[in-house]
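Scroll down for the structure; my scribbles are underneath it.
The values are calculated or read from the model by the stated rules, or taken from the named source; none is laboratory data. These numbers come from a predicted model, not from an experiment. A quick note on method: Cβ atoms are made from the backbone with ideal geometry, for glycine too, and the neighbour counts reach across all protein chains shown.
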């Protein structure tokens with residue numbers, strides 16, 4: 001009259017194994033779940049009972065107690081419906097207990113006994129290893145992406161019970177055709193003109209530099225940003241798995257292959273809350289947008305409109321590549337290594353060429369002050385974007401397509417990895433001379449800029465890193481040349497806070 | 001009411017009344033001496049004409065009663081003395097003759113600095129607050145040139161052209177001195193970033209206002225201020241102005257007074273030069289440098305005195321082509337590369353060289369020519 005079923009819950013982006021113990025005894029009929037279930041979990045009593053009855057199975061008048069072990073840990077979500085149902089059927093003798101050995105179950109039940117997918121199948125399946133996972137049909141690719149072969153599926157509870165009773169074979173896993181192909185990323189060839197901004201995208205992708213696009217409304221900032229993720233190389237195995245876990249845990253639709261292999265692109269609206277951006281929630285610590293863009297691009301349009309506290313929340317993950325969330329009872333570390341791309345107008349009226357702007361300096365200053373400070377400093381690249389000129393729009397053919405630029409980016413990344421083992425954006429200031437040495441002309445130019453007070457110390461380091469990325473892209477040798485430094489400086493426009501020129 | 005206050009005290013207090021317009025104040029002070037005018041405004045004495053009509057309105061009566069309590073003559077006058085602000089009535093021998101003879105004379109004037117400046121040759125230089133680099137450069141050259149020639153410059157101490165011309169005048173350390181006419185009380189510095197400039201103008205020249213201390217800048221006061229700028233000048237020069245800029249009000253006031261108006265031409269595509277170009281089309285004389293202004297004052301333009309030798313190395317080859325592309329309008333680096341037919345890298349290098357040499361300046365991703373243009 002006792003059965004134990006292996007399952008798991010999601011916490012942050014990690015799965016945690018859970019053993020569902022079901023005890024069926026005589027007594028006053030009741031159905032209790034203990035072991036710190038949350039509301040969705042407690043409601044599974046009604047779903048499980050209805051699903052069992054709808055599947056033509058029996059629910060006798062008896063006392064059913066479910067314990068979710070380890071009992072001290074909070075559990076949430078509806079993914080425990082299936083193991084509870086299976087546990088009950090085994091404890092009541094409708095399914096042999098031995099059939100459950102070596103299997104782990106996860107899934108939500110409908111009242112008609114159908115099995116539905118839940119968010120977080122990937123991390124839960126990972127946590128259940130070495131058990132063979134049994135998941136709802138739509139969760140198959142996700143589970144397979146993590147554990148490879150050996151995933152069992154079932155469409156409804158009845159099918160599952162028949163398979164466990166060896167009255168029918170296990171249902172066949174679905175064909176890939178059932179899943180939609182990923183939509184193609186927008187191509188860089190669609191962008192007319194914008195030579196400087198294109199080059200900045202290329203440099204950002206090659207060197208891992210955060211990018212700020214400054215330009216008037218309608219100049220194409222969003223269009224450009226959307227094309228950045230296509231320039232990034234496919235995710236490596238570890239990042240791919242980590243990003244898949246995050247997407248799965250957050251319930252974001254996964255690509256057909258089950259694993260997120262393409263660099264993600266996330267563009268939360270500027271009204272987003274702190275928790276939606278960095279992650280959180282009181283029990284499950286759901287991953288936020290910064291974790292969802294792990295390995296890819298986080299695009300913040302209208303940067304100045306985000307709440308200042310939200311933006312400040314980005315600073316620590318930008319430095320460390322992870323976000324550490326802690327609540328009174330729980331804490332979790334989520335991956336959050338992303339390329340930050342932001343867009344802003346140069347001033348409240350949208351700016352334009354000098355003399356066109358309607359704002360006085362006070363208004364400009366107030367507008368830019370919202371962005372200024374430590375966050376603004378994280379952007380290695382600050383590029384002005386302007387509406388393309390008529391000649392550009394009429395010029396025959398677009399620019400280079402994404403594939404061509406992406407190949408250059410991949411080659412540059414490879415060169416950098418072979419030479420110094422990291423992307424240029426990650427070079428610590430102390431090792432710049434060592435890892436990104438300057439040619440004499442480049443050194444003189446930077447010294448001159450510093451002496452003329454047009455460059456701050458931090459700007460100096462950032463320009464050197466960007467220059468190194470440009471050198472990698474152009475395949476030019478060991479030394480960073482003058483030309484690279486000049487281009488790097490052109491990709492770090494000063495924001496015109498005052499006509500008394502502001503330093504970069 | 002506090003006995004022993006000079007008449008200026010009553011006029012100073014009345015000028016700061018809520019709802020006190022130029023015509024109301026003029027009417028009060030035309031028919032009564034200031035102390036009587038104070039009593040009339042507070043309905044302690046019978047009013048006549050316009051004032052009787054105005055006092056029939058309840059909101060005016062209430063506003064003036066309130067203002068009288070808040071702005072007592074002895075206090076206002078003490079504040080003026082504390083700030084070293086002179087209060088001038090048209091009856092005073094020190095009241096500037098130019099304004100006393102004007103068709104719309106200020107009923108009371110607040111001055112800080114040296115009134116004798118108004119006896120010299122005076123040119124008003126005004127312009128937009130959002131000036132381009134070219135406009136700023138023109139203002140700078142005018143300020144320096146006029147200062148060197150010993151011509152005093154009247155302006156409004158606003159952001160942009162006004163501030164630049166006075167700063168250049170002060171920096172040139174010539175004979176020419178600044179006259180600033182502002183629209184708020186002399187203790188309310190607006191814009192605040194001109195605090196140092198206000199002090200320098202009061203020290204070296206003259207600071208004027210129609211408003212008593214404590215009155216803040218309000219939009220409707222600026223056009224009135226512009227009439228004083230026009231009235232004080234022998235020639236009004238507009239450096240840059242938009243199609244409906246405040247500088248055009250100054251120009252119109254000058255034309256009403258038969259004072260010549262001159263304007264600095266700009267490219268037709270430049271929005272900041274739209275107003276000045278339309279002045280030129282309407283017949284204003286063009287100003288290319290301070291010599292043109294001096295000529296209109298019938299002064300010998302001593303061009304050599306303020307034309308500085310060119311210290312910057314002449315741009316060559318590609319750099320020259322890039323400079324020519326930027327000569328008439330600001331462009332982005334993309335625009336420069338496209339117009340000059342250069343690759344992005346070559347354009348970036350050329351711009352870097354030009355910037356280093358001081359021919360070109362950049363901000364927000366836009367590049368424009370700076371300094372005196374290449375000849």
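When you scan segment A:36-57, do you find a residue that is out of contact with any strand residue (DSSP E or B) (no Cβ under 9 Å at 6 or more places or on another chain), more than 29 Å from residue A:126 (Cα to Cα) and surrounded by fewer than 17 Cβ atoms within 10 Å (Cβ to Cβ), even just one?
Yes.
Considering every residue within segment B:19-41, establish whether at least one is more than 30 Å from residue B:258 (Cα to Cα), in a helix (DSSP H, G or I) and under 28 Å from the mean Cα position of the chain (by Cα).
no
Look through segment A:194-206, keep the residues that are touching a strand residue (DSSP E or B) at 6+ places or on another chain (Cβ under 9 Å) and more than 21 Å from residue A:346 (Cα to Cα), and return whichever of them is farthest from the other protein chains (Cβ to nearest Cβ).
Checked segment A:194-206; the qualifying residue farthest from the other protein chains (Cβ to nearest Cβ) is A:205.
Taking segment B:249-276 on its own, how many of its residues are within 12 Å of the chain's Cα centre (by Cα) and either surrounded by fewer than 24 Cβ atoms within 10 Å (Cβ to Cβ) or within 12 Å of chain A (Cβ to nearest Cβ) (or both)?
So the answer is 1.
A quick yes/no check of all residues on (1) exposed (fewer than 15 other Cβ atoms within 10 Å of the Cβ); (2) within 14 Å of another protein chain (Cβ to nearest Cβ); (3) over 25 Å from the mean Cα position of the chain (by Cα); (4) free of Cβ contacts under 8 Å to residues at least 12 places away in the same chain:
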position: A:153; (1), (2), (3), (4): no, no, yes, no
position: A:166; (1), (2), (3), (4): yes, no, yes, no
position: A:174; (1), (2), (3), (4): yes, no, yes, no
position: A:183; (1), (2), (3), (4): yes, no, no, yes
position: A:213; (1), (2), (3), (4): no, yes, no, no
position: A:229; (1), (2), (3), (4): no, no, no, no
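Whether any residue in segment A:359-369 is away from chain B (no Cβ under 14 Å) and out of contact with any helix residue (DSSP H, G or I) (no Cβ under 8 Å at 6 or more places or on another chain) is what I want to check.
Yes, segment A:359-369 contains a residue that is away from chain B (no Cβ under 14 Å) and out of contact with any helix residue (DSSP H, G or I) (no Cβ under 8 Å at 6 or more places or on another chain).
Can you name the residue in segment A:429-457 that is in contact with a strand residue (DSSP E or B) (Cβ under 8 Å, 6 or more places away or on another chain) and part of a helix (DSSP H, G or I) and is also farthest from residue A:468 (Cα to Cα) among such residues? Write out each step before concluding.
The initial filter retains those residues of segment A:429-457 that are in contact with a strand residue (DSSP E or B) (Cβ under 8 Å, 6 or more places away or on another chain), namely A:436-439, A:442, A:446.
Now drop any that are not part of a helix (DSSP H, G or I), which leaves A:442, A:446.
Working: A:442: 11, A:446: 14 Å.
Restricting to residues being in contact with a strand residue (DSSP E or B) (Cβ under 8 Å, 6 or more places away or on another chain) and part of a helix (DSSP H, G or I), the top hit is A:446.
Mind checking which residues of segment A:1-45 are without any contact (Cβ under 8 Å) to a residue 60 or more places away in the chain and assigned to a helix (DSSP H, G or I)?
A:39, A:40, A:41, A:42, A:45
Please go through segment B:318-352 and give me each residue that is crowded, with 17+ Cβ neighbours inside 10 Å, under 37 Å from the mean Cα position of the chain (by Cα) and over 24 Å from residue A:356 (Cα atoms), ordered by number.
Hit for segment B:318-352 is B:352, nothing else.
Kindly provide the set of residues from segment B:49-94 that are in contact with a strand residue (DSSP E or B) (Cβ under 7 Å, 6 or more places away or on another chain) and more than 19 Å from residue B:16 (Cβ to Cβ), ordered by number.
B:94
Take residue A:48 and tell me if it is in contact with a helix residue (DSSP H, G or I) (Cβ under 7 Å, 6 or more places away or on another chain), under 18 Å from residue A:105 (Cα atoms) and outside any strand (DSSP E or B).
On the way: in contact with a helix residue (DSSP H, G or I) (Cβ under 7 Å, 6 or more places away or on another chain): yes; under 18 Å from residue A:105 (Cα atoms): yes; outside any strand (DSSP E or B): yes.
It is true that residue A:48 is in contact with a helix residue (DSSP H, G or I) (Cβ under 7 Å, 6 or more places away or on another chain), under 18 Å from residue A:105 (Cα atoms) and outside any strand (DSSP E or B).
Out of segment A:414-424, which residues are under 16 Å from residue A:233 (Cα atoms) and touching a helix residue (DSSP H, G or I) at 6+ places or on another chain (Cβ under 6 Å)?
Of everything in segment A:414-424, those that are under 16 Å from residue A:233 (Cα atoms) and touching a helix residue (DSSP H, G or I) at 6+ places or on another chain (Cβ under 6 Å) turn out to be A:415, A:416, A:423, A:424.
Quick grid of which residues meet (1) more than 22 Å from the chain's Cα centre (by Cα); (2) on the phi > 0 side of the Ramachandran plot:
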position	(1), (2)
A:321	no, yes
A:342	no, no
A:347	yes, no
A:353	yes, no
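Examine segment B:227-238 for a residue that is within 30 Å of residue B:13 (Cα to Cα), assigned to a loop (DSSP other than H, G, I, E, B), away from chain A (no Cβ under 14 Å) and touching a helix residue (DSSP H, G or I) at 6+ places or on another chain (Cβ under 9 Å), and state whether such a residue exists.
yes
What single numbered condition from (1) buried (at least 21 other Cβ atoms within 10 Å of the Cβ); (2) more than 20 Å from residue A:324 (Cβ to Cβ) fails to hold for residue A:240?
(1)
Check residue A:347 against each of (1) in contact with a helix residue (DSSP H, G or I) (Cβ under 6 Å, 6 or more places away or on another chain); (2) within 14 Å of chain B (Cβ to nearest Cβ); (3) assigned to a strand (DSSP E or B) and name the one condition it does not meet.
Only one criterion in (1) in contact with a helix residue (DSSP H, G or I) (Cβ under 6 Å, 6 or more places away or on another chain); (2) within 14 Å of chain B (Cβ to nearest Cβ); (3) assigned to a strand (DSSP E or B) is unmet by residue A:347, namely (3).
Give the residue, chosen from A:7, A:30, that is modelled with pLDDT of 90 or more and crowded, with 18+ Cβ neighbours inside 10 Å.
Every option except A:7 fails the conditions.
Look through segment B:226-243, keep the residues that are more than 12 Å from the chain's Cα centre (by Cα) and closer than 19 Å to residue B:267 by Cβ, and return whichever of them is surrounded by the fewest Cβ atoms within 10 Å (Cβ to Cβ).
Checked segment B:226-243; the qualifying residue surrounded by the fewest Cβ atoms within 10 Å (Cβ to Cβ) is B:243.
When you scan segment B:344-364, do you find a residue that is modelled with pLDDT of 85 or more, under 30 Å from residue A:491 (Cβ atoms) and not in a helix (DSSP H, G or I), even just one?
yes
Among the residues of segment B:279-295, write down those that are over 14 Å from residue B:147 (Cα atoms), buried (at least 16 other Cβ atoms within 10 Å of the Cβ) and either in contact with a helix residue (DSSP H, G or I) (Cβ under 8 Å, 6 or more places away or on another chain) or not assigned by TED's automatic domain parsing to the domain that holds residue B:125 (or both).
B:279, B:284, B:285, B:287
Against the definition (over 14 Å from residue A:387 (Cα atoms) and not in a loop (DSSP other than H, G, I, E, B)), how does residue A:239 come out, yes or no?
Here the answer is yes, as residue A:239 does meet what is asked.
Within the bounds of segment B:324-337, is there any residue that is out of contact with any strand residue (DSSP E or B) (no Cβ under 9 Å at 6 or more places or on another chain), more than 14 Å from chain A (Cβ to nearest Cβ) and part of a helix (DSSP H, G or I)?
Yes, there is a match, as at least one residue in segment B:324-337 is out of contact with any strand residue (DSSP E or B) (no Cβ under 9 Å at 6 or more places or on another chain), more than 14 Å from chain A (Cβ to nearest Cβ) and part of a helix (DSSP H, G or I).
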